[in-house]
Amino acid sequence: MELTLAIAIGVLTGSGVWLILRPRTYQLVIGLSLLSYAVNLFIFSMGRLRTGAAPVLDPSGAVDPASYADPIPQSLVLTAIVIGFATTALLLVVLLASRGLTGSDHVDGRESH
Amino acid sequence: MEWTRHLLIVPILLPMVTGAALLLFDETRHTFKAVVSIASTVLLLVAALALLGIANGAPEGSAALATSYAVADWPAPFAIVLVLDRLSALMLTVTAVLALASLVFSIARWDRSGPHFHTLFQFLLMGLGGAFLTGDLFNLFVFFEVTLAASYGLLLHGSGPFRVRSGLHYIAINLAASALFLIGVSLIYGVTGTLNMADLALRIPGVPPEDRMLLLAGAGILGVAFLVKAGMWPLGFWLTSAYMAAAAPVGAVFVILTKVGIYVMLRLSLLLFGSPAGELTGFGGTALVAGGIATLVFATSGVLASQSMGRLAGYSVLVSSGTLLAAVGMGDAAVVSGALFYLVSSTFTTAALFMLIELVERAREPGADLLAVTREAYGEDKEEVVEEHEDEEVGVVMPGALAILGVSFGCIALLLAGLPPLSGFLAKFAMLSGMLNLDGLGSPAEIPARTWLLVALVILSGFAALVAMMRTGIRTFWAPLEVIVPRVLVVEVAPILALLLLCLAMTVGGGAMINYTEAAARALHDPSTYIQGVLGPISTGALP
């Protein structure tokens with residue numbers, strides 16, 4: 001499971017970074033999205049990988065923290081997803097405005113050649 | 001005492017409520033919106049001053065030095081805390097002053113050049129207040145994002161192709177930096193199991209050696225995210241064009257954004273990797289000094305090469321960043337004290353410059369910068385023109401508005417260059433004296449080569465600023481090709497003059513100011529007071 005997750009994060013990050021370095025605004029948006037997926041998975045993995053463990057404590061009996069998943073990275077991921085979503089939406093608006101104002105989808109507003 | 005504790009949350013709640021309430025009103029009621037926004041910012045300034053008083057009143061060395069406020073009333077390491085100490089109180093006050101000046105400046109016309117200016121502005125203040133007060137890393141991220149989201153909107157305020165293009169770069173770079181921020185925070189959490197800064201400072205010395213690499217990697221990545229914001233070379237190429245593109249009052253308030261990066265570097269490097277951190281003490285200091293020096297070199301050449309005033313102001317922000325980063329990297333209390341003084345002084349100066357530029361640009365023909373450069377390069381056929389005027393009376397009557405602008409411009413040049421009698425001189429002097437006397441005044445300590453380099457660069461950067469400002473000033477005020485008297489409103493000049501007067505006041509009250517920054521720097525170098533202020537009294541055995 002660790003290997004699969006590590007490869008997934010690596011592939012997402014690699015593709016994201018490559019796309020960010022491309023000149024088209026659309027590639028930029030997709031690149032940033034992929035990067036944020038990778039980051040979210042990474043945060044999640046920092047709570048250690050567990051299967052079949054709930055993050056919410058059961059208050060009825062004595063609590064053994066070892067049998068629960070770490071809830072903090074999960075809440076961090078949730079916050080990060082919300083913020084990332086909002087800022088990506090904002091970036092899309094700016095991208096459209098840039099396309100409308102310059103007539104080009106190059107990130108510099110004009111073709112470089 | 002009890003009710004004053006709740007003052008800590010005011011710098012976050014007040015702008016949030018004001019900003020949200022202003023959304024409910026139509027854009028046509030701009031006078032009402034401006035009044036509410038300014039009133040709220042005045043209240044914010046009052047609150048910040050009260051907090052400054054509380055922080056300054058705390059006896060030094062006691063745990064009361066850092067006042068903490070549990071937002072949801074859960075005990076400290078598990079829940080969100082706000083922490084007030086001298087440093088955060090100072091930053092809050094600077095922010096409030098700057099915000100008030102920019103807002104007053106904006107009501108002349110800028111606040112009407114696009115929708116929701118005041119709301120975005122208040123949200124920016126909320127993010128800044130939170131970032132300066134928060135006591136844990138994840139909330140720092142959240143408040144950073146609030147600040148950035150508002151700043152995206154403000155940067156685009158007024159629209160136009162140049163703003164949209166710079167805005168696109170600015171947003172993309174900051175989104176990438178936010179990804180780095182999250183990676184760094186989660187690495188640190190993965191190793192230490194906490195996000196509370198005070199708790200982190202306690203746990204870092206106990207991190208097992210096999211995990212140190214991960215911890216340092218996390219801290220390094222986190223640092224890169226802040227250095228992007230602070231504009232360190234080679235991460236700061238986006239800064240000049242973004243700040244240039246911003247509307248004048250927005251550019252002025254953006255000056256504090258780079259200082260947020262520096263504030264966090266200062267806070268975290270001294271808290272997490274201060275003296276108790278054992279082998280990890282001083283982590284990243286060398287990199288900061290080297291980065292600061294590189295930034296200074298880059299920004300100084302930028303200042304000299306700038307053809308337009310906007311770019312000059314942008315590079316001045318970078319000069320200030322470079323100086324501060326290198327000073328933070330030195331990790332010495334006396335240097336940090338001088339650096340804090342410099343931070344306040346340079347923030348006010350560059351903000352005033354951003355506002356002044358907009359007014360001065362009105363007095364010039366479009367493209368005057370370029371024309372002047374071409375004339376200098378190819379020689380000019382202006383001598384005949386000069387001769388024609390010789391019969392007339394000697395000297396030109398300067399119109400009043402231009403005279404005020406010119407005097408302000410001169411003051412800003414003095415401040416940027418660090419010449420007496422204004423506060424730029426005191427600030428640089430305090431910093432340089434700290435650098436050259438690492439072990440106290442008059443000690444025979446060996447001064448390393450990099451310190452000499454830094455000292456030389458700080459002085460050179462001041463000289464470069466003087467040259468560049470003189471050149472621009474002469475072109476604009478003394479030898480303009482065509483004198484256009486700008487139409488300048490009182491509300492536009494008043495904030496600039498107020499900021500400059502504050503710099504003058506900081507010179508007159510230099511003693512009190514230095515006392516304060518010295519106390520703040522000493523507290524930063526003694527993390528135990530901060531830790532006790534947040535986590536409560538800890539048995540001495542647990543303290544590092």
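Have a look at B:L168, B:L120 and point out the one that is of a type in the set (A, V, I, L, M) and modelled with pLDDT of 90 or more. Write out each step before concluding.
Working: B:L168 fails: modelled with pLDDT of 90 or more.
Only one candidate qualifies: B:L120.
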Original post:
Just wondering, is there one or more residues in segment B:103-115 that are crowded, with 24+ Cβ neighbours inside 10 Å, more than 11 Å from chain A (Cβ to nearest Cβ) and either at pLDDT below 85 or under 19 Å from the mean Cα position of the chain (by Cα) (or both)?
Top reply: yes
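Which residues, counting only those in segment B:154-164, are at the interface with another protein chain (Cβ under 8 Å from one of its Cβ atoms) and out of contact with any Lys or Arg (no Cβ under 8 Å at 6 or more places or on another chain)? Full working, then the answer.
In the first step, residues of segment B:154-164 are kept if they are at the interface with another protein chain (Cβ under 8 Å from one of its Cβ atoms); the result is B:156, B:159-161, B:164.
Scanning segment B:154-164 gives B:S159, B:G160, B:P161, B:V164.
Do we have B:A172 as buried (at least 23 other Cβ atoms within 10 Å of the Cβ) and over 18 Å from the mean Cα position of the chain (by Cα) here? Full working, then the answer.
Values: buried (at least 23 other Cβ atoms within 10 Å of the Cβ): no; over 18 Å from the mean Cα position of the chain (by Cα): yes.
Taking the combined requirement at face value, the residue does not satisfy it.
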**OP:** May I ask you to list the residues in segment A:76-91 that are in contact with a helix residue (DSSP H, G or I) (Cβ under 7 Å, 6 or more places away or on another chain) and more than 10 Å from chain B (Cβ to nearest Cβ)?
**Re:** A:I81
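Please verify whether A:A66 is among the small types (G, A, S), in a helix (DSSP H, G or I) and either under 14 Å from the mean Cα position of the chain (by Cα) or facing chain B (nearest Cβ under 9 Å) (or both), treating the condition exactly as stated.
Numbers: among the small types (G, A, S): yes; in a helix (DSSP H, G or I): yes; either under 14 Å from the mean Cα position of the chain (by Cα) or facing chain B (nearest Cβ under 9 Å) (or both): no.
Taking the combined requirement at face value, the residue does not satisfy it.
With the requirement that a residue be under 21 Å from B:L137 (Cβ atoms) and touching a residue at least 40 places away in the same chain (Cβ under 8 Å), what does segment B:279-298 give you?
So in segment B:279-298, the residues under 21 Å from B:L137 (Cβ atoms) come out as B:280-285, B:287-288.
Within segment B:279-298, B:L280, B:G282, B:F283, B:G284, B:G285, B:A287, B:L288 meet the criteria.
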Subject >> Residue in segment B:131-153 that is surrounded by 19 or more Cβ atoms within 10 Å (Cβ to Cβ) and over 23 Å from the mean Cα position of the chain (by Cα) present >> reply: no
Original post:
Pick from segment B:165-195 the residues that are within 7 Å of chain A (Cβ to nearest Cβ) and of a type in the set (G, A, S): which of them is farthest from A:L95 (Cα to Cα)?
Top reply: B:G190
**OP:** Kindly indicate which of A:L3, A:L41, A:L90 is surrounded by fewer than 13 Cβ atoms within 10 Å (Cβ to Cβ) and not in a loop (DSSP other than H, G, I, E, B).
**Re:** A:L3
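Would you tally the residues in segment A:6-25 being of a type outside the set (A, V, I, L, M) and either at pLDDT below 90 or assigned to a loop (DSSP other than H, G, I, E, B) (or both)? Give the steps one after another, and end with the answer.
Of segment A:6-25, the ones of a type outside the set (A, V, I, L, M) are A:10, A:13-16, A:18, A:22-25.
In the following step, the residues that additionally are either at pLDDT below 90 or assigned to a loop (DSSP other than H, G, I, E, B) (or both) were identified as A:22-25.
Result for segment A:6-25: 4.
Looking for whichever is at pLDDT 85 or above and over 24 Å from B:S337 (Cβ atoms) here; the options are B:V303, B:V260, B:V319, B:V264. Which one fits? Lay out the reasoning, then the answer.
On the way: B:V260 fails: over 24 Å from B:S337 (Cβ atoms); B:V319 fails: over 24 Å from B:S337 (Cβ atoms); B:V264 fails: over 24 Å from B:S337 (Cβ atoms).
Just a single option satisfies the conditions, and that option is B:V303.
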Subject >> Complete set of residues in segment B:74-91 that are within 19 Å of B:M126 (Cβ to Cβ) and either touching a strand residue (DSSP E or B) at 6+ places or on another chain (Cβ under 6 Å) or at pLDDT below 75 (or both) >> reply: B:V81, B:L82, B:V83, B:L84
Original post:
Of all residues in segment A:82-97, which are touching a residue at least 12 places away in the same chain (Cβ under 8 Å) and within 14 Å of the chain's Cα centre (by Cα)?
Top reply: A:G84, A:T88
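Suppose we filter B:G220, B:G231 for residues that are more than 9 Å from chain A (Cβ to nearest Cβ) and surrounded by 22 or more Cβ atoms within 10 Å (Cβ to Cβ); which single one remains?
Details: B:G220 fails: surrounded by 22 or more Cβ atoms within 10 Å (Cβ to Cβ).
Result of the check over B:G220, B:G231: B:G231.
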Original post:
Conditions: (1) in contact with a Pro (Cβ under 6 Å, 6 or more places away or on another chain); (2) outside any loop (DSSP other than H, G, I, E, B); (3) at the interface with chain B (Cβ under 8 Å from one of its Cβ atoms). A:P73 meets all but one. Number of the miss?
Top reply: (1)
Original post:
Hey, does segment B:227-247 have a residue that's in a helix (DSSP H, G or I) and either in contact with a Cys (Cβ under 8 Å, 6 or more places away or on another chain) or within 25 Å of B:Q532 (Cβ to Cβ) (or both)?
Top reply: no
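State which residue is modelled with the highest pLDDT when the search covers only segment B:51-73 and only residues that are in a helix (DSSP H, G or I) and loosely packed, with under 15 Cβ neighbours inside 10 Å.
Narrowing segment B:51-73 to residues in a helix (DSSP H, G or I): B:51-57, B:63-65.
Keeping just the survivors that are loosely packed, with under 15 Cβ neighbours inside 10 Å gives B:53, B:57.
Details: B:G53: 86, B:G57: 79.
The selected residue is B:G53.
May I ask you to verify whether B:F226 is among the aromatic types (F, W, Y) and surrounded by 20 or more Cβ atoms within 10 Å (Cβ to Cβ)?
Numbers: among the aromatic types (F, W, Y): yes; surrounded by 20 or more Cβ atoms within 10 Å (Cβ to Cβ): yes.
For B:F226, the condition - among the aromatic types (F, W, Y) and surrounded by 20 or more Cβ atoms within 10 Å (Cβ to Cβ) - is met.
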Subject >> Which numbered condition B:L227 fails, given (1) within 25 Å of the chain's Cα centre (by Cα); (2) at pLDDT 90 or above; (3) closer than 27 Å to B:A70 by Cβ >> reply: (3)
Original post:
Given (1) more than 11 Å from chain B (Cβ to nearest Cβ); (2) more than 30 Å from B:V164 (Cβ to Cβ), where does A:I30 come up short, assuming only one miss?
Top reply: (2)
Subject >> Meets criteria (more than 8 Å from chain B (Cβ to nearest Cβ), surrounded by fewer than 16 Cβ atoms within 10 Å (Cβ to Cβ) and part of a loop (DSSP other than H, G, I, E, B)) for A:V56 >> reply: yes
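Select from segment B:88-111 the residues that are of a type in the set (V, I, T) and part of a helix (DSSP H, G or I) and list them in ascending order. Walk me through it before giving the result.
Step one: filter segment B:88-111 for residues of a type in the set (V, I, T), giving B:93-95, B:97, B:104, B:107.
Listed by number, the residues that qualify are B:T93, B:V94, B:T95, B:V97, B:V104.
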**OP:** Only residues that are among the hydroxyl-bearing types (S, T, Y) and at pLDDT 85 or above: list them for segment A:26-84, please.
**Re:** A:Y26, A:S33, A:S36, A:Y37, A:S45, A:S75, A:T79
Original post:
In segment A:94-109, how many residues are surrounded by 15 or more Cβ atoms within 10 Å (Cβ to Cβ), more than 8 Å from every other protein chain (Cβ to nearest Cβ) and assigned to a helix (DSSP H, G or I)?
Top reply: 1
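The values are calculated or read from the model by the stated rules, or taken from the named source; none is laboratory data. Predicted, not measured: the structure shown is a model, and the values here were computed from it. Quick reminder, even Gly has a Cβ in these numbers, built from the backbone with ideal geometry, and neighbours come from all protein chains shown.
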